[in-house]
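See structure below.
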Amino acid sequence: MKSFSYANPTRILFGAGQIAAIARQIPESAKVLVTYGGGSIKKNGVYEQVMAALKGRSVAEFGGIEPNPTYETMMKAAEAARAAGSDFILAVGGGSVADGSKFLAAALAYDGDEPWDLVTGKAQIKRAVPLGVVLTLPATGSESNCAAVITHKGAGAKLAFMNPAVYPRFAVLDPETTLSLPPRQVANGVADAFVHVIEQYLTRPAGGMVQDAFAEALLRTLIAVGPKTLADLGDMDARANLMWAANQALNGLISVGVPQDWSTHMIGHELTALYGIDHARSLTIVLPAMMRVRQEAKHDKLVQYAAEVWGLKDGPEDARIAAAILKTEAFFRELGLPVRLGDARLGIDAAEKVAANLAAHGLVKLGEDEGVTPEVAVQVLTMAA
């Protein structure tokens with residue numbers, strides 16, 4: 001286990017009624033831009049709670065941030081923010097709204113000509129407008145990390161960036177805000193959180209006993225509460241545990257001191273950029289095939305995954321690994337999610353197109369050992385066909 005430092009400045013406000021607490025988290029003098037997605041927050045009571053908490057402050061709003069937030073939309077948000085003189089952003093929604101708002105926070109503080117350079121790495125994020133999050137969709141953990149993913153439609157690119165300047169100052173996690181979510185979004189959120197954990201766990205042994213045990217507990221929790229939440233949409237205990245597990249899956253804690261993978265995500269991002277498939281559904285297609293193709297490199301951790309997550313402790317190791325992958329697929333299918341390209345009405349031709357995009361974006365040595373090349377990505381998607 002290597003040396004590390006860990007600090008997460010996001011204050012978590014968890015539980016029913018916590019939206020009202022944002023009044024104490026945002027300076028009274030702040031000019032707030034409330035960002036949100038398709039408008040569901042105006043139908044489920046969340047918008048009213050937010051506006052009540054912001055009563056007396058200068059408030060503007062920008063809606064229409066799409067799933068897989070786009071550079072084009074967020075530049076329109078920047079225009080709205082500048083017109084209103086906004087100096088604090090309150091993102092109200094799921095991970096896409098949070099991600100888009102992080103980019104917005106950085107773009108508003110950027111002096112250069114092309115904010116997309118902040119995503120590609122051509123320019124560095126040095127500061128950002130402060131932001132907070134009211135989470136309505138547990139999935140990405142974006143409400144308390146410093147990462148974001150942005151799609152540039154014009155360039156056909158979906159890229160991630162990370163910078164401490166875009167850590168949210170606070171995040172409200174009220175499980176009641178998730179009650180109006182359709183089952184598809186609930187299922188997507190479970191899968192997204194699950195694969196987030198896998199990307200930080202299913203690598204190689206690194207002596208991180210605490211991180212491994214924490215990751216395994218999160219995976220078992222998601223396996224338990226995912227189907228339970230879908231079976232009983234009013235089960236608040238299940239919703240609360242799902243919301244907390246999704247947050248803990250990507251707040252940075254389980255990754256410290258251990259290697260990380262993220263190749264499943266990078267391939268999934270290209271599937272989304274090319275075909276518009278839901279982010280989580282791209283992951284459930286790629287992950288089982290990635291496990292099979294990378295079985296030799298990940299052998300020891302796959303054996304551990306089989307034993308500690310699925311309880312498969314007897315028999316030959318390869319047989320246990322194969323059974324664990326099948327159980328992973330069965331879990332995704334139980335959630336109603338695809339595990340093959342064909343399940344998402346995609347063909348084998350997607351493999352070469354994804355590989356070409358990976359190469360074009362310089363993503364040619366992915367994974368904890370840099371062993372996932374565009375050629376390996378073709379093998380993975382061929383396996384997933």
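Only Lys, Arg, Asp and Glu carry charge here, each on its Cβ (+1 for the first two, -1 for the last two); on that basis the chain has a dipole of about 620 debye about its Cα centre.
Please go through the stretch 61-164 and write out the trypsin sites (Lys or Arg not before Pro) that DSSP classes as loop and that have at most 10 other C-beta atoms within 10 Å.
Passing sites in the stretch 61-164 are LYS122.
Which residues make up the longest stretch of the chain clear of chymotrypsin sites (Phe, Trp or Tyr not before Pro) that lie in a DSSP loop with no more than 16 other Cβ atoms within 10 Å, not counting the sites? Within the chain, the longest run free of exposed chymotrypsin sites (Phe, Trp or Tyr not before Pro) spans 7-385.
Using a Gaussian network model of the chain in which every pair of alpha carbons under 10 angstrom is joined by a spring, one finds that among VAL309, VAL190, VAL172 the greatest mean-square fluctuation is at VAL309.
Using the scaling law 2.2 N^0.38 Å as the reference, what is the normalised Cα Rg of the stretch 186-291? Please list the in-between numbers first.
Values: Rg = 14.0 Å, N = 106, 2.2 N^0.38 = 12.9 Å.
Compared with the compact-globule rule of thumb, the stretch 186-291 sits at 1.08.
Would you work out which of GLY226, GLY45, VAL190 lies farthest towards the positive end of the dipole of the chain? Charges go on Cβ: Lys and Arg +1, Asp and Glu -1. Most positive-ward Cα: GLY45. When the Gaussian network model of the chain links Cα atoms closer than 10 Å, the mean-square fluctuations of ALA98, ALA155, ALA217 top out at ALA155.
Simple point charges give the picture: +1 on the Cβ of Lys and Arg, -1 on the Cβ of Asp and Glu, and for the stretch 183-383 a dipole about the Cα centre of about 300 debye. Highest mobility in the GNM of the chain, judged by mean-square fluctuation with C-alpha springs under 10 Å and restricted to MET290, MET74, MET51, is found for MET51. The GluC sites (Glu not before Pro) of the stretch 317-385 that meet both conditions, a loop assignment by DSSP and at most 13 other Cβ atoms within 10 Å of the site Cβ, are GLU370.
Restricting the stretch 34-70 to trypsin sites (Lys or Arg not before Pro) that sit in a DSSP loop and have at most 13 other Cβ atoms within 10 Å of their own Cβ leaves LYS43, LYS55.
The numbers here are math on the coordinates, done by the rules we state, and not lab data. If you're wondering where the values come from, they're calculated on a predicted model, not measured in any experiment. Counting neighbours? That spans all protein chains shown, and the Cβs are built from the backbone with ideal geometry, glycine included.
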